[in-house]
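Trainee: First, the structure itself, so that you have it in front of you.
The values are calculated or read from the model by the stated rules, or taken from the named source; none is laboratory data. Worth saying up front: this structure is predicted, and the values here are computed from it rather than measured. Reconstructed Cβ throughout: ideal geometry from the backbone, glycine too, with neighbour counts over all protein chains shown.
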Amino acid sequence: MEQIVGKQSIQFQQAAHILSGAAIVGKKEGDGPLGKYFDKIGEEEGLFGCTSWEEAESNLQKEAVSMAIEKAGIEKWQLRMIYAGDLLAQTIASSFGIMGFDTPIYGLYGACSTMGEALSLSAMAVSGGYAPYVAAVTSSHFGSAEKEFRFPLGYGNQRPLSATWTVTGSGACILGTKGGKARIAGITTGKIVDYGFKDSLNMGACMAPAACDTIYQNLMDFNRLPEDYDRIITGDLGEVGQRILFDLMKEKGFDIEKQHMDCGIEIFDSNTQDTHAGGSGCGCAAVTFVSYILPKIEKGEWKRILFVPTGALLSKVSFNEGKSVPGIAQAVVIEHC
């Protein structure tokens, strides 16, 4: 069976099974619509017993992977490798969080699309026979991300309505060759798409073109229509990016409004929580996927979904130099089995 499909996709001959998922989040996320689905919810300050936000984020990854390993019914030493990523410079949340597992690690950076990247690479490793068990994990933290990319929280800057709220949380999955009730059947690797937007407080507009490009290419490569998926789920476009995505897809001849949902919209209540356009961050798609989406696939409520985490590829250096904010989206085809 030919596994290379179309221009950018892979259809796995031996699908990788998702054996478990675990999510730990902050109090604000726990107070949102998905609060009852998370494995663990932190306290108001978001420090999780640590002395800094960065240390707390590392601890989130450590706990998420540990819980996922326990749920999968395997031992820590059975993990062949870990794919991990976060938003901080040199991915320090992952480095310090995963260090204690004494397991080979690939550090990833795809901005908020990193969970899609981690799942894609993990599935390739398992499907290719290079690892019996692999962990995919990402994290983000509101406090550490604001300090890294915008302003320290003490600055008290105002946020426009187009801004999204970085999710405090970490989600982890364990993948293996068999045993799960959900499997990764294929992937579509995204391209960097740059429409020239420079507004770092309107991430939805920056990422929507990349989401459109990857979703469209997935439909082309697999010769599918939007209705072939129970859900097409983006990572964190928010309310602004969602409207742009719908318009861009219609220009390409596809209406995805009936199938579409966005993790950044689902995780917060825009009417009662001051999160403006929705949620974002590496942890947004990850915790929403493992706590809310994955169980629906495992139960067979959804037979096939397209999971498309989206990322804005900027840094404080590129932003201060006046560069645009390119986007990327990584698509993962996940099926009930």
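Trainee: Please determine, by comparing only the residues of the stretch 149-196 that are assigned to a loop (DSSP other than H, G, I, E, B) and among the basic types (Lys, Arg), which one is modelled with the lowest pLDDT.
Mentor: Ranking the qualifying residues of the stretch 149-196, first place goes to Arg150.
Trainee: Output the residues belonging to the stretch 28-51 that are part of a helix (DSSP H, G or I), among the charged types (D, E, K, R) and under 11 Å from Ile267 (Cα atoms).
Mentor: Matches in the stretch 28-51: Lys28, Glu29.
Trainee: From Arg183, Arg243, grab the single residue that is over 18 Å from the mean Cα position of the chain (by Cα) and of a type in the set (Lys, Arg).
Mentor: After ruling out the rest, the residue left standing is Arg243.
Trainee: Does the stretch 262-318 hold any residues that are without any contact (Cβ under 8 Å) to a residue 60 or more places away in the chain, outside any loop (DSSP other than H, G, I, E, B) and within 21 Å of Glu146 (Cβ to Cβ), and which are they?
Mentor: Hits for the stretch 262-318 are Cys263, Ile265, Val317, Ser318.
Trainee: Go through the stretch 302-337 residue by residue and tally those that are aromatic (Phe, Trp, Tyr) and closer than 30 Å to Glu227 by Cα.
Mentor: Qualifying residue count, the stretch 302-337: 2.
Trainee: Ok, one more. Is there any pair with a first residue in the stretch 80-103 that is farther than 25 Å from Ser127 by Cα and in contact (Cβ under 8 Å) with a residue 40 or more places away in the chain and a second that is among the aromatic types (Phe, Trp, Tyr) and surrounded by fewer than 24 Cβ atoms within 10 Å (Cβ to Cβ) whose Cβ atoms are under 8 Å apart and which are 6 or more apart or on different chains, and what are they?
Mentor: Leu87/Phe149
Trainee: If you check Ile10, Ile24, Ile69, Ile82, which single one turns out to be outside any loop (DSSP other than H, G, I, E, B) and not assigned by TED's automatic domain parsing to the domain that holds Gly169?
Mentor: Ile10
Trainee: Being crowded, with 24+ Cβ neighbours inside 10 Å and either modelled with pLDDT under 95 or among the aromatic types (Phe, Trp, Tyr) (or both) is the filter here; which residues of the stretch 197-227 pass it?
Mentor: Once the filter is applied, which keeps residues that are crowded, with 24+ Cβ neighbours inside 10 Å and either modelled with pLDDT under 95 or among the aromatic types (Phe, Trp, Tyr) (or both), the stretch 197-227 yields Met203, Gly204, Cys206, Met207.
Trainee: Related question: Hey, does the stretch 29-40 have a residue that's at pLDDT 95 or above, closer than 24 Å to Ser318 by Cα and within 17 Å of the chain's Cα centre (by Cα)?
Mentor: No, the stretch 29-40 contains no residue that is at pLDDT 95 or above, closer than 24 Å to Ser318 by Cα and within 17 Å of the chain's Cα centre (by Cα).
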